[in-house]
Amino acid sequence: MELAFSPSEEIFRQEVRAWLLENVPSNAMPSGDTREGFEAHIDWERRLFDARLAVVSWPKEFGGRDASLWEWIIFEEEYYRAGAPQRVTQNGIFLLAPSIFQFGTPEQQERFLPKMASGEETWCQGWSEPDAGSDLAAVSSRAVRDEAAGGWRLSGQKTWTTRGAFCTHLFGLFRTDPDAQRHHGLTYLLVPLDTPGVTVRGFGRLDGDEGFAEVFFEDAFVSDDFVLGEVNSGWGVAMATAGSERGLTLRSPGRFTATADRLLALWREHGDPKDTQLRDAVTQAWIDTEAYRLQTLGVVTTLSKGGHAGPEASMVKIFWSELDVRLHELAMRILGPRAEVAETAWAKGWQFALSGPIYAGTNEIQRNVVAERVLGLPRK
Amino acid sequence: MELAFSPSEEIFRQEVRAWLLENVPSNAMPSGDTREGFEAHIDWERRLFDARLAVVSWPKEFGGRDASLWEWIIFEEEYYRAGAPQRVTQNGIFLLAPSIFQFGTPEQQERFLPKMASGEETWCQGWSEPDAGSDLAAVSSRAVRDEAAGGWRLSGQKTWTTRGAFCTHLFGLFRTDPDAQRHHGLTYLLVPLDTPGVTVRGFGRLDGDEGFAEVFFEDAFVSDDFVLGEVNSGWGVAMATAGSERGLTLRSPGRFTATADRLLALWREHGDPKDTQLRDAVTQAWIDTEAYRLQTLGVVTTLSKGGHAGPEASMVKIFWSELDVRLHELAMRILGPRAEVAETAWAKGWQFALSGPIYAGTNEIQRNVVAERVLGLPRK
Amino acid sequence: MDFAFSEDQLSFRDAVRDLLTRECTASVVRDAWSNADGRSGQVWDLLAEMGVLGILAPEVDGGLGMTMIDLVLLIEECGRVALPEPIIEHAVVCAPIIGGVVSGSRTVTSFIGGSPFALYADSCEVALVERDRRLFTVERAALRLTPETAVDGSRRLSTLEWSDSDATEVGGPLEAVAAFDRGALGAAALLLGLSHRMLEMSVEYASERRQFGAPIGSFQAIKHHLANARIALEFARPLVTRAAYSLSVGDPDASTHVSMAKAQASDAAMLTSEHALQCHGAIGYSYEYDLHMWMKRVWALSSSWGDAGLHRARVAKAVL
Amino acid sequence: MDFAFSEDQLSFRDAVRDLLTRECTASVVRDAWSNADGRSGQVWDLLAEMGVLGILAPEVDGGLGMTMIDLVLLIEECGRVALPEPIIEHAVVCAPIIGGVVSGSRTVTSFIGGSPFALYADSCEVALVERDRRLFTVERAALRLTPETAVDGSRRLSTLEWSDSDATEVGGPLEAVAAFDRGALGAAALLLGLSHRMLEMSVEYASERRQFGAPIGSFQAIKHHLANARIALEFARPLVTRAAYSLSVGDPDASTHVSMAKAQASDAAMLTSEHALQCHGAIGYSYEYDLHMWMKRVWALSSSWGDAGLHRARVAKAVL
């Protein structure tokens, strides 16, 4: 056991911190979940990429630095501590990329990863459909084989696609074997959104931003090069990385530590020190934030030694999503009746936090996973 | 709307209060869930009966006073406020008696009710079996027709029978139609525990008292006079009163108001007034206690006007059982490390409170009832 | 003892419910998010016509001279439809102490009880304000408004400034506390109504929406979320009713009863809003679906007129 | 950075687990409820033989001179089997500062940190006591004991009195705080072990027990209760490990880290105990079934060595 970073890791931290201090815009950008904000954020991604800070843990050849998971943790800590902008590229670099590293051909890696890292191509997630939300295996969007053209013709609809109206590409699951049931017969496809036959309609989220989109497919063609993994094995591609990576890379501790730090600052400024009721709750939120950080250090230790994360990732997802709600709820309580003013980071963050227990698999489903796959309780 | 009691109700209150002041033993009796304590409590019940206070809401002919539900509420408030002894007769007078009033023949009412009121005959509940707990309809104890003898021969086993080792009689459900499934083919029988073929084995509860019993039936005979309601219609007898009465008579508000008053006194004596965290929780428990009392006033108003309680009783059961846990948990928190001393009313009460979310139908089952029968969510 | 509303009170409630269900539809609420004054247009006048705005106003002033127990169910109905109007400020807080409110044409807002904002001050004719624990009225023309944008787009907020010379005193410290109590109780009643409607939306959605081959409302986790919301509301309503009664009869503990009601209603509404969203999943998180307008009103009202913590502290002072 | 125990630490843990599983069975725990001293008999000596009691004792004294990070997993194992012994007092609190503890034949208890009771003082040879923020040892013969009956029948409690003339000073305020911190961390580790065993019992029972034609563990409400307990433990353990590490390396924030760990472990254990009982239903409520012995130990330990509120207040002082 050794709970200090190495000298070289600390040097990396200093470099990141110095760069962010110099480069993070002092004025908040408009939300990356609006069209104008998205473009501003892509500019920011380009600057990160130019500093080789967009995807530190990737190989150098694709725009990264071959940084260790520990350095990635450090990067994230510094990034959120600096109040740096939202990562509008996250669904590509954090969710799709691990699948491309694991299942993509060398050509696919070469084709997709550098442009993803630079923000030239931006990816949205095409899992959910109107009738396939928590029940992802109910996907009904189809891809029909076009042997002559060497590819697939897509039809159907995806929805709740975050930033779908602004991204250039979508990754998603499509039913390629119409006779197969549930999670069989699905294929993981990469789809340029300017493909003829693809229509995107943005729509508003709870907070008013046009952060969602519906994506319609009408005989849209993608070539075989755009199949990730094996045909009819898409479920495995989607799940293999979801299990090991989701818990870790989707929500690094740095994000919540930074929020907790802001909450503590808010408490010091506006909290009533005699109100031990609220003080106790703020303290508990800080303890939970530390628990999350330390639990992650354990996961990273395991992964660094070649281990796997497994279904325990579901516990992580439940914990961070509910922690995030609590952190913001406490801020609202400290702010009291002033909390309803829209133009505060807290009001926006509170609304965003509420999506956490829903997206990436509702917490009800995650709790089933914990019960069945971590504890071993019977499915039926 | 009128939230004051009438002058005659207040006179009743004064009479009850005066009697209790004079008669409640100043030293706590041993627990009524032990053999010696049970006997002491039966003596107490006899004194209550002699004062016509054992069953105030019953008709005069059976030992009551024809008191209104409002007077019953008042009696309960005063009873618990006075710190009067546990009612070891409660499963008879609160659970069985309503069924006898509704389904019993005049002869059965005459035969059973006066002796129940006086404590001469004491009743325990024979619902649960080793394989029928939450799933009451899984009852497998059998009653086979003995036409010649004019009655039924019982076999099987009941368990978790509170005070079964000390009571004289048991009421319970037995399967009289072996071909019927689940809640069909059950009959509600009244069984003297000294019947040949009945064996009772007491066993310990969480708190160490021998408050539970297993009851074994081996060809034990009960005559037709001891069938309550129709043969094969026992489920309806059991449920009809459970729905309307359980929520009201099993746990009157007076019980929790008295506990909350003791909690407030404990807080005033031992609480740290600067600890607004604990103060806030104690205050909330008081608010919940008031909410429970007021909600009951609404139920009594409805019943007094000839209405029915319905599945809303499940909300009542969930609320009082969880309130009781909370009231005692807060007392434990106020007492801190001293809470583990066994000889306090709080330690005993805490252990008893923990049974609330389990007995009388687990709160998980009650929440299903609320969802399905109050809110109308689909069963399947 | 009779803990039930009278037949008259219930039929008035039913009539108001009919009116509001018909006139204050979700699209009226949605319009208020983007229209000029954030309000409902004609619904306000219809409520005035029915007499709702003047329930607490003295008869000499054209009001009904009735009490809070006659009004509380109607306020709950306003919550049920998320009525975008200063209903608490006008009909609950100001009606008993400011003349001319019955017709609704001279709308009154309030800026009392330590609230940082006044609601709809830009479209009101007069404001009840508090300074040094005394109440005053100030005409719209004499108010300086600084607007703020609220999370709930229909809630038009501003801070108010005024000169003492433009203020007419209408009450002292006792009236100020009574006005705050009425406001808090009004907010509690609105929260009940908002919550019951959110729960209805959730039950409807969970009964229809299918996943894993069954309506999601058949899954025990969803059932228990919504059962918990229902239970929280079941044990908030009697406190709200009792507080309304206590205000009506001038019970000396009325302030404590109001605080119990507001603390409980705030918590129950926040719980309901959380479970309602969770049971809806992504659709509840979309702007096009109506749920968020109810949720945002709940967030605002649960911390307005004193949040649960403030009211529990008031109760603690009285009972501990 | 390496947030993992070493192979040596893990194999020592496994060896202790094997020993305790074999020797400290539930019937040993049950016997301790009614036997003379409330303790485990030979299990104590076997732990001494393995070196567990002397892990923190200086080498010069025959101990292993190791640190809390080497001990914490072993304490958790003692919790898993609900070992009825003064393991915290003897091996965690006293071992580094009182000689002669290695063999276990001279058992030491403690009466420090504001605790109202000492554990097993009647069967111990010496007690570490605190007065005016200083630590002293007092021999058994010089102690006046007033026994109290605990809810957990194996916890033999007494209050202690002694004369200053019989007390030998062994430490000042710094040592007193350090001893309390060790005790609190020890209690946190015990709570983790107790909780994991309660969770195992619950999973086993819920997988076997059938109602409504299915194992009750297949119902979502039961699943979520137990998942919630598992999650609470998942996010308590790293805090316990970190606190042990901080004590081992003398981190200046070690006291704060201990308090975070104890607060979290207390809450997680109480939650687990509540859900474990609820998922067992009536059988868990019976005296003959083992669960209650684990639960009662949890109740005691969650409020001993500072309850969650006390420790959160300590954290608040440090970080807010």
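The values are calculated or read from the model by the stated rules, or taken from the named source; none is laboratory data. Not measured: the values here are computed from a predicted model. Positions of Cβ are generated from backbone atoms using ideal geometry, with glycine treated the same way; all protein chains shown enter the neighbour counts.
Of all residues in the stretch B:142-163, none satisfies being touching a His at 6+ places or on another chain (Cβ under 8 Å), away from chain D (no Cβ under 13 Å) and either crowded, with 18+ Cβ neighbours inside 10 Å or more than 26 Å from residue B:30 (Cα to Cα) (or both). Across the stretch B:84-95, the number of residues qualifying as more than 13 Å from the chain's Cα centre (by Cα) and at pLDDT below 95 comes to 0.
Quick one: how many residues across the stretch B:175-210 are in contact (Cβ under 8 Å) with a residue 40 or more places away in the chain and of a type in the set (Asp, Glu)? The number of residues fulfilling the criteria is 4.
Look at residue C:202 and say whether it is more than 14 Å from chain B (Cβ to nearest Cβ), more than 25 Å from residue C:305 (Cβ to Cβ) and part of a helix (DSSP H, G or I). Break it down stepwise before answering.
Numbers: more than 14 Å from chain B (Cβ to nearest Cβ): no; more than 25 Å from residue C:305 (Cβ to Cβ): yes; part of a helix (DSSP H, G or I): yes.
For residue C:202, the condition - more than 14 Å from chain B (Cβ to nearest Cβ), more than 25 Å from residue C:305 (Cβ to Cβ) and part of a helix (DSSP H, G or I) - is not met.
Annotation note: of A:133, A:119, the sole residue that is within 14 Å of chain C (Cβ to nearest Cβ), crowded, with 23+ Cβ neighbours inside 10 Å and not basic (Lys, Arg) is A:133. In the stretch D:130-154, of all residues being of a type in the set (A, V, I, L, M) and more than 18 Å from residue D:36 (Cα to Cα), the one that is farthest from the other protein chains (Cβ to nearest Cβ) corresponds to D:141.
Filtered by the rule that a residue be in contact with a strand residue (DSSP E or B) (Cβ under 7 Å, 6 or more places away or on another chain), of a type in the set (Asp, Glu) and not in a strand (DSSP E or B), the stretch B:208-231 gives B:210, B:224. The number of residues in the stretch A:1-48 that are surrounded by 12 or more Cβ atoms within 10 Å (Cβ to Cβ), within 14 Å of chain D (Cβ to nearest Cβ), free of Cβ contacts under 8 Å to residues at least 40 places away in the same chain and hydrophobic (A, V, I, L, M, F, W, C) comes to 1. Here residue D:114 meets each of (1) surrounded by 16 or more Cβ atoms within 10 Å (Cβ to Cβ); (2) at pLDDT below 95 with one exception, condition (1). Within the stretch B:283-338, the set of residues being closer than 18 Å to residue B:363 by Cα and among the hydroxyl-bearing types (Ser, Thr, Tyr) comprises B:292, B:314, B:321. Applying the condition of being in contact with a Gly (Cβ under 8 Å, 6 or more places away or on another chain) and closer than 30 Å to residue B:134 by Cα to the stretch D:218-252 and asking which residue is nearest to the other protein chains (Cβ to nearest Cβ) yields D:223.
Being closer than 21 Å to residue D:185 by Cα, hydrophobic (A, V, I, L, M, F, W, C) and surrounded by fewer than 18 Cβ atoms within 10 Å (Cβ to Cβ) narrows it down to one of D:73, D:10, so name that one. Talk me through it step by step, then tell me what you get.
On the way: D:73 fails: surrounded by fewer than 18 Cβ atoms within 10 Å (Cβ to Cβ).
Testing whether each residue is closer than 21 Å to residue D:185 by Cα, hydrophobic (A, V, I, L, M, F, W, C) and surrounded by fewer than 18 Cβ atoms within 10 Å (Cβ to Cβ) leaves just D:10.
Consider residue B:344 carefully, then state whether it is on the phi < 0 side of the Ramachandran plot, surrounded by fewer than 22 Cβ atoms within 10 Å (Cβ to Cβ), more than 9 Å from chain C (Cβ to nearest Cβ) and not hydrophobic (A, V, I, L, M, F, W, C). Please lay out each step first, then the result.
Values: on the phi < 0 side of the Ramachandran plot: yes; surrounded by fewer than 22 Cβ atoms within 10 Å (Cβ to Cβ): yes; more than 9 Å from chain C (Cβ to nearest Cβ): yes; not hydrophobic (A, V, I, L, M, F, W, C): yes.
Taking the combined requirement at face value, the residue satisfies it.
Inspect all residues belonging to the stretch D:137-149 and state whether any of them is surrounded by 17 or more Cβ atoms within 10 Å (Cβ to Cβ) and touching a residue at least 40 places away in the same chain (Cβ under 8 Å). For the stretch D:137-149, residues surrounded by 17 or more Cβ atoms within 10 Å (Cβ to Cβ) and touching a residue at least 40 places away in the same chain (Cβ under 8 Å): absent. The residues listed here are D:233, D:157; of these, the one that is buried (at least 19 other Cβ atoms within 10 Å of the Cβ) and touching a helix residue (DSSP H, G or I) at 6+ places or on another chain (Cβ under 6 Å) is D:233. Could we say that residue B:350 is under 19 Å from the mean Cα position of the chain (by Cα), at pLDDT 95 or above and away from chain C (no Cβ under 14 Å) here? The answer is yes for residue B:350. If we scan the stretch B:298-317, do we find a residue that is hydrophobic (A, V, I, L, M, F, W, C), crowded, with 22+ Cβ neighbours inside 10 Å, closer than 19 Å to residue D:225 by Cβ and out of contact with any Lys or Arg (no Cβ under 6 Å at 6 or more places or on another chain)? Checking the stretch B:298-317: not a single residue is hydrophobic (A, V, I, L, M, F, W, C), crowded, with 22+ Cβ neighbours inside 10 Å, closer than 19 Å to residue D:225 by Cβ and out of contact with any Lys or Arg (no Cβ under 6 Å at 6 or more places or on another chain).
Of the numbered criteria (1) without any contact (Cβ under 8 Å) to a residue 60 or more places away in the chain; (2) over 30 Å from residue A:5 (Cβ atoms); (3) hydrophobic (A, V, I, L, M, F, W, C), the one residue D:4 fails is (2).
Looking at the stretch C:215-230 only, could you name the residues that are touching a Ser or Thr at 6+ places or on another chain (Cβ under 7 Å) and crowded, with 20+ Cβ neighbours inside 10 Å? Steps first, please.
The first filter runs over the stretch C:215-230 and keeps only residues touching a Ser or Thr at 6+ places or on another chain (Cβ under 7 Å), leaving C:215, C:217, C:226, C:229.
Correct list: C:217, C:226, C:229.
Restricting to the stretch D:165-187, and then to whatever is in contact with a Phe, Trp or Tyr (Cβ under 8 Å, 6 or more places away or on another chain) and not hydroxyl-bearing (Ser, Thr, Tyr), can you tell me which residue is nearest to residue D:216 (Cα to Cα)? Going through the qualifying residues, I end up with D:187.
Residue check: residue B:322 meets all listed conditions (1) surrounded by 20 or more Cβ atoms within 10 Å (Cβ to Cβ); (2) under 12 Å from residue C:231 (Cβ atoms) but one, namely (1). Looking for something part of a helix (DSSP H, G or I) and within 14 Å of chain B (Cβ to nearest Cβ) - is there at least one such residue anywhere in the stretch D:73-88? Yes, because at least one residue in the stretch D:73-88 is part of a helix (DSSP H, G or I) and within 14 Å of chain B (Cβ to nearest Cβ). Every listed requirement among (1) assigned to a loop (DSSP other than H, G, I, E, B); (2) crowded, with 24+ Cβ neighbours inside 10 Å is met by residue D:102 save one, (2).
Looking only at the stretch C:115-129, count every residue that is within 14 Å of chain A (Cβ to nearest Cβ) and of a type in the set (S, T, N, Q) and tell me the total. Here the count works out to 1.
Could you check how many residues of the stretch D:2-42 are outside any helix (DSSP H, G or I) and modelled with pLDDT of 95 or more? Please lay out each step first, then the result.
Looking only at the stretch D:2-42, we keep the residues that are outside any helix (DSSP H, G or I), and these are D:2-6, D:24-25, D:35-41.
Now drop any that are not modelled with pLDDT of 95 or more, which leaves D:2-6, D:24-25, D:35-40.
Qualifying residue count for the region: 13.
Put simply, of A:110, A:121 the only residue that is charged (D, E, K, R), over 23 Å from residue A:255 (Cα atoms) and assigned to a loop (DSSP other than H, G, I, E, B) is A:121.
Kindly check whether there is at least one residue in the stretch B:87-98 that is surrounded by 20 or more Cβ atoms within 10 Å (Cβ to Cβ), among the hydroxyl-bearing types (Ser, Thr, Tyr) and in contact with a helix residue (DSSP H, G or I) (Cβ under 6 Å, 6 or more places away or on another chain). Yes, the stretch B:87-98 contains at least one residue that is surrounded by 20 or more Cβ atoms within 10 Å (Cβ to Cβ), among the hydroxyl-bearing types (Ser, Thr, Tyr) and in contact with a helix residue (DSSP H, G or I) (Cβ under 6 Å, 6 or more places away or on another chain).
All of B:272, B:280 fail the test of being buried (at least 21 other Cβ atoms within 10 Å of the Cβ) and either facing another protein chain (nearest Cβ under 10 Å) or free of Cβ contacts under 8 Å to residues at least 12 places away in the same chain (or both), apart from B:280. Give just the number: which of (1) over 21 Å from residue D:194 (Cβ atoms); (2) assigned to a loop (DSSP other than H, G, I, E, B) does residue D:45 not satisfy? Here residue D:45 meets the rest and fails (2).
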